[in-house]
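Some notes on the structure that comes next.
The values are calculated or read from the model by the stated rules, or taken from the named source; none is laboratory data. Source: prediction; values computed, not measured. FYI the Cβ positions are ideal-geometry reconstructions off the backbone, even for glycines, and counts take in every protein chain you see.
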Amino acid sequence: MNSSSTMIKKAAEFASAMIEPNAAQWEYARCFPRDVFIAAADASLAGLIVPATDGGSDLGPRGMADIMRKLAAADFAFAFSLVVHNNLAGTIARYGSVEQKQRWLPGMLSAKKIGAFLLTETSGGSDAAAIRCHARPQGSGWVLNGEKAWISNASDADVLSVYATIAPEQGFRGIACFLIPADRPGVHRLEPFNLMGGHALGTGGFSFTDVSLQPEDLLIAPGEAFKAAMAGIDLARVNVASMCCGMLERGIEEAVGFAGSRQAFGGPISDQQGIRWMLSDAATDLAAAHALTEKAIDALEAGQRATIAAAHAKKFATTAALKRLADCMQVMGASGYRADVPLGRHLGAAKMAAYLDGTTEIQNVVISRSLFST
Ligand SMILES: Cc1cc2nc3c(=O)[nH]c(=O)nc-3n(C[C@H](O)[C@H](O)[C@H](O)COP(=O)(O)OP(=O)(O)OC[C@H]3O[C@@H](n4cnc5c(N)ncnc54)[C@H](O)[C@@H]3O)c2cc1C
């Protein structure tokens, strides 16, 4: 089994060799880089939190977050695509039956099968318990109808974890999670979205017309499914926070390098106090974002609830990345705006990060509940 530090080192090498040189092109071409996704699986990056007994790398939350920070420093969208895939593989290992594990995990660990998490709908994502996708009981199974939107990996996903209500009157307790192949009759893949950036994530949607679901398609039963989705979201939020740290770290590195060599008014612009202070503020925010992320990871590693800590980390790290990456670009003048410098791509991704796995406002909803106990 790979040790965590060896895997982090390998992930950094993978990012320089396979992500960094290609990421700008993925953006232009608006494509999901399936070949590089498979190469990531070959580098053992597709089963990070799957137990070794199920063929995975058995890393804890810290190992996964550290790896994702390295990958996101090269391209956030590609890294997030892997987060979604890894989380689903981990969910199958945790909740799946022996048959479900045998059917799906080998393909997911080799990335022959790419996974997607289908919770959000066109009617809205923040109020996740209000989903309308409906699995109507029929015989021993169900019939699925509805639509899902804003789904990462949608353009190429082969295996779908679909959250649908089987009893709308029971609110979140009526929501179940089904695991189905994307080519099942009645499943329609929708056109991927044209976005401001992050096209390597293949974000799109699915519609379902009278899709037949059998008992063996049920991954998590009603009553447990929504809670499991929310518990998984804590880990995803910590990963997003760590990935924002990776992008900001990269932004500061680029801007410091540029400021040290760019000459203006008789010396390097790094001699200007205004430039130094802008980058010092960015470094302070990075240190704070990193500390909040580590605190949330500590809780996850200890098996404790990390909901509040993850909300603080995600809110702070995404907001800091958005503001300070723009500052790093400003330090670099027009050169920061070039597409061959990753900062513009990172800035777009920082905006995307402010929506993923709950918006900044929803992190405040979570935090405020802890303040007022409601
Ligand atoms: C690139 C990308 C990839 C994604 N990938 C996935 C995926 O793989 N799977 C998945 O299921 N979803 C995914 N999402 C969806 C994401 O989780 C949702 O966008 C997010 O939950 C917000 O939902 P919404 O966009 O419908 O905004 P809405 O819920 O419509 O909210 C609109 C605005 O109202 C604010 N708001 C809502 N409620 C409150 C409140 N109580 N208090 C204050 N403000 C509030 C929101 O913060 C937001 O600013 C993805 C989104 C993006 C952009």
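Summary table
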quantity: Residue in the stretch 199-208 that is within 15 Å of the ligand (Cβ to nearest atom), of a type in the set (Phe, Trp, Tyr) and over 22 Å from the mean Cα position of the chain (by Cα) present; calculated: yes
quantity: Of all residues in the stretch 133-155 being surrounded by fewer than 19 Cβ atoms within 10 Å (Cβ to Cβ) and closer than 20 Å to LEU356 by Cα, the one that is farthest from the ligand (Cβ to nearest atom); calculated: GLU147
quantity: Residues of the stretch 98-127 classified as at pLDDT 95 or above, within 12 Å of the ligand (Cβ to nearest atom) and not in a loop (DSSP other than H, G, I, E, B), total; calculated: 5
quantity: Any chance ALA130 is under 18 Å from PHE226 (Cβ atoms), away from the ligand (no atom under 16 Å from the Cβ), of a type in the set (A, V, I, L, M, F, W, C) and outside the structural domain of PHE80 (by TED's automatic domain parsing); calculated: no
quantity: Complete set of residues in the stretch 43-52 that are of a type outside the set (Val, Ile, Thr) and closer than 17 Å to TRP104 by Cα; calculated: SER44, LEU45, ALA46, GLY47, LEU48, PRO51, ALA52
quantity: One residue from PRO168, PRO181 being over 30 Å from TRP26 (Cα atoms) and of a type outside the set (Asp, Glu); calculated: PRO168
quantity: Selection within the stretch 3-30 - surrounded by 17 or more Cβ atoms within 10 Å (Cβ to Cβ) and in a loop (DSSP other than H, G, I, E, B); calculated: ASN22
quantity: Selection count, the stretch 6-23, where residues are at pLDDT below 95 and within 19 Å of ARG345 (Cα to Cα); calculated: 0
quantity: Residues located in the stretch 176-202, provided they are assigned to a loop (DSSP other than H, G, I, E, B) and small (Gly, Ala, Ser); calculated: ALA182, GLY186, GLY197, GLY198, GLY202
quantity: Inter-residue pairs, beta-carbon under 6 Å, first in contact (Cβ under 8 Å) with a residue 40 or more places away in the chain and in the stretch 346-374, second among the hydroxyl-bearing types (Ser, Thr, Tyr) and part of a helix (DSSP H, G or I), 6+ apart; calculated: ALA353/THR318
quantity: Residue match in the stretch 311-329 (condition: in contact with a Cys (Cβ under 6 Å, 6 or more places away or on another chain) and not small (Gly, Ala, Ser)); calculated: yes
quantity: Residue within the stretch 210-223 that is within 11 Å of the ligand (Cβ to nearest atom), touching a residue at least 60 places away in the same chain (Cβ under 8 Å), crowded, with 21+ Cβ neighbours inside 10 Å and not hydroxyl-bearing (Ser, Thr, Tyr) present; calculated: no
quantity: Residue that is crowded, with 24+ Cβ neighbours inside 10 Å and out of contact with any strand residue (DSSP E or B) (no Cβ under 9 Å at 6 or more places or on another chain), where the choices are ASP281, ASP357; calculated: ASP357
quantity: In the stretch 333-374, the residues that are among the basic types (Lys, Arg) and either closer than 15 Å to LYS323 by Cα or in contact with a helix residue (DSSP H, G or I) (Cβ under 7 Å, 6 or more places away or on another chain) (or both); calculated: ARG345, LYS351
quantity: Pairs where the first residue, in the stretch 39-55, is on the phi > 0 side of the Ramachandran plot and the second is part of a helix (DSSP H, G or I), C-beta under 8 Å, 6+ apart; calculated: SER44/MET7; SER44/LYS10; GLY55/LEU105; GLY55/PRO106; GLY55/LEU109
quantity: GLN170 vs. criteria surrounded by fewer than 17 Cβ atoms within 10 Å (Cβ to Cβ) and closer than 12 Å to VAL143 by Cα; calculated: no
quantity: Positions within the stretch 231-271 being hydrophobic (A, V, I, L, M, F, W, C) and in contact with a Ser or Thr (Cβ under 8 Å, 6 or more places away or on another chain), in sequence order; calculated: VAL238, VAL240, ALA241, CYS244, CYS245, VAL256, PHE258, ALA259
quantity: Test result for ALA320, modelled with pLDDT of 95 or more, in contact with an Asp or Glu (Cβ under 7 Å, 6 or more places away or on another chain), closer than 16 Å to ARG237 by Cα and in the same structural domain as ALA231 (by TED's automatic domain parsing); calculated: yes
quantity: Count of residues meeting criterion [surrounded by 12 or more Cβ atoms within 10 Å (Cβ to Cβ) and either of a type outside the set (D, E, K, R) or modelled with pLDDT under 95 (or both)] in the stretch 180-195; calculated: 10
